Amino acid sequence: MKILMRILISISVVATVLSSIEAAYSQISGLRGKFDGTKTQEARIREVGSLAVAVEVKDGKTWQQWYATRRGEANFSKILSCTVGEFNGDKKSDIACLYDYGNFDVGIWVFTSDGKNFNSSIWWRSGKGNLNPNSVVGGIESIDNNNDGLSDLKMPYLYPNNIRNDIVFYSDGKKFYR
């Protein structure tokens with residue numbers, strides 16, 4: 001009986017560890033900004049069920065969902081990289097994510113904060129055959145490249161001839177342009 005109990009406990013521990021590992025791989029965390037416009041908060045993007053994602057902000061010790069896609073709208077595994085910036089000029093932090101649509105078609109989703117929720121829209125899209133997601137070196141980074149007060153995005157990119165260059169996406173407050 002003791003041996004059976006130990007085996008069952010061991011199986012339970014292994015299942016818990018595997019579940020924790022899976023949870024760790026199905027979220028992007030450590031996104032920090034002033035999403036409510038006043039205090040620094042942490043946000044995470046996580047997989048919620050089949051082909052859906054949620055954006056949550058930590059308020060004290062509690063995670064609150066500020067945005068969620070409908071099932072089938074987004075595949076978490078297609079999110080390549082995310083960063084925080086002030087993309088629309090409203091003094092609240094927003095989140096931008098690089099998303100792989102397949103067929104060398106990449107887009108930039110922006111989750112703009114209204115202080116309590118995020119609204120999502122596509123601010124830039126490469127179109128089929130125009131950008132290799134495997135050539136993105138590292139991830140996107142928020143910068144104000146043109147000193148206009150709006151965060152822009154910098155994406156390190158490795159071209160087929162092994163030349164690495166930063167592609168900069170400039171924000172006009174509603175979309176990105178190159």
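The values are calculated or read from the model by the stated rules, or taken from the named source; none is laboratory data. Small disclaimer: the values here were computed from a predicted structure and weren't measured. All Cβ positions, glycine included, derive from the backbone under ideal geometry; neighbour counts span all protein chains shown. For the accessible areas, the whole protein counts, side chains as well, though only heavy atoms, and no ligand, DNA or RNA atoms are used. Shrake-Rupley method; radii C 1.70, N 1.55, O 1.52, S 1.80 Å.
Quote the charge dipole size of the stretch 116-178 about the Cα centre in Debye, to the nearest 20; the model charges only the Cβ of Lys and Arg (+1) and of Asp and Glu (-1).
Numbers: 8 positive and 6 negative charges, 68 e Å.
Approximately 320 debye in magnitude.
Within the stretch 91-145, list the trypsin sites (Lys or Arg not before Pro) lying in a DSSP loop whose Cβ has at most 13 other Cβ atoms in a 10 Å radius.
Numbers: sites: 91, 92, 116, 125, 128; in loops: 91, 92, 116, 128.
Listed in order of number, the matching sites are 91, 116, 128.
Using only C-alpha atoms and all pairs of different ones, pull out the Kirkwood radius for the chain in Å with one decimal.
On the way: mean 1/r = 0.0564 Å⁻¹.
Mean inverse Cα-Cα distance, inverted, gives 17.7 Å.
Taking Cα atoms, how many degrees apart are the long axis of helix 2-25 and the longest axis of the chain, rounded to 10 and kept between 0 and 90?
Between helix and principal axis, roughly 10 degrees.
Report the semi-axes of the equivalent ellipsoid for the stretch 80-139 in whole Å, largest first, where each axis is √(5λ) for an eigenvalue λ of the Cα gyration tensor. Don't jump to the answer; show the numbers that get you there.
Working: eigenvalues 119, 26, 13 Å².
Working from the Cα gyration tensor, I get semi-axes of 24, 11, 8 Å.
On the protein heavy atoms, probe 1.4 angstrom, tell me the percent of accessible surface of the chain carried by carbon and sulfur.
Details: 5130 of 10250 Å².
C and S atoms contribute 50 percent here.
Using modelled backbone amide H atoms (1.01 Å from N, in-plane), which distant-in-sequence or interchain residues come within less than 5 Å of residue 87's amide H?
Placed amide hydrogens put 94, 151 under 5 Å from residue 87.
List, in order, the whole-Hz ³J(HN,Hα) value for each residue of the stretch 95-106 obtained from phi through the Karplus relation with A = 6.51, B = -1.76, C = 1.60 and θ = phi - 60°; use x for Gly and Pro.
Those phi angles translate into 10, 10, 10, 8, 10, 8, 7, x, 6, 6, 10, 10 Hz.
If the only charges are +1 at each Lys and Arg Cβ and -1 at each Asp and Glu Cβ, what is the size of the charge dipole of the chain around the Cα centre, to the nearest 20 debye?
Approximately 560 debye in magnitude.
Quote the relative contact order of the chain in percent (integer), defining contacts as alpha-carbon pairs under 8 Å separated by 6+ residues. Before the final figure, lay out the partial values.
Details: 375 pairs, mean separation 24.8, N = 178.
So the answer I get is 14 percent.
Give me the 1.4 Å probe accessible area per residue for the chain, excluding ligands and nucleic acids, in Å².
Ligands and nucleic acids excluded, the result is 58 Å² per residue.
Once Lys and Arg get +1 and Asp and Glu get -1 on their Cβ, which of 165, 126, 145 lies farthest toward the positive end of the dipole of the stretch 107-166?
126
Going through the cross-link list 78/174; 34/128; 39/78; 61/91, which pairs have a Cα-Cα distance over 32 Å in this structure? Before the final figure, lay out the partial values.
On the way: 78/174 23 Å; 34/128 35 Å; 39/78 30 Å; 61/91 24 Å.
The answer is 34/128.
Which of the GluC sites (Glu not before Pro) across the stretch 30-77 are loop residues per DSSP, with 15 or fewer other Cβ within 10 Å?
Details: sites: 42, 47, 56, 73; in loops: 73.
Listed in order of number, the matching sites are 73.
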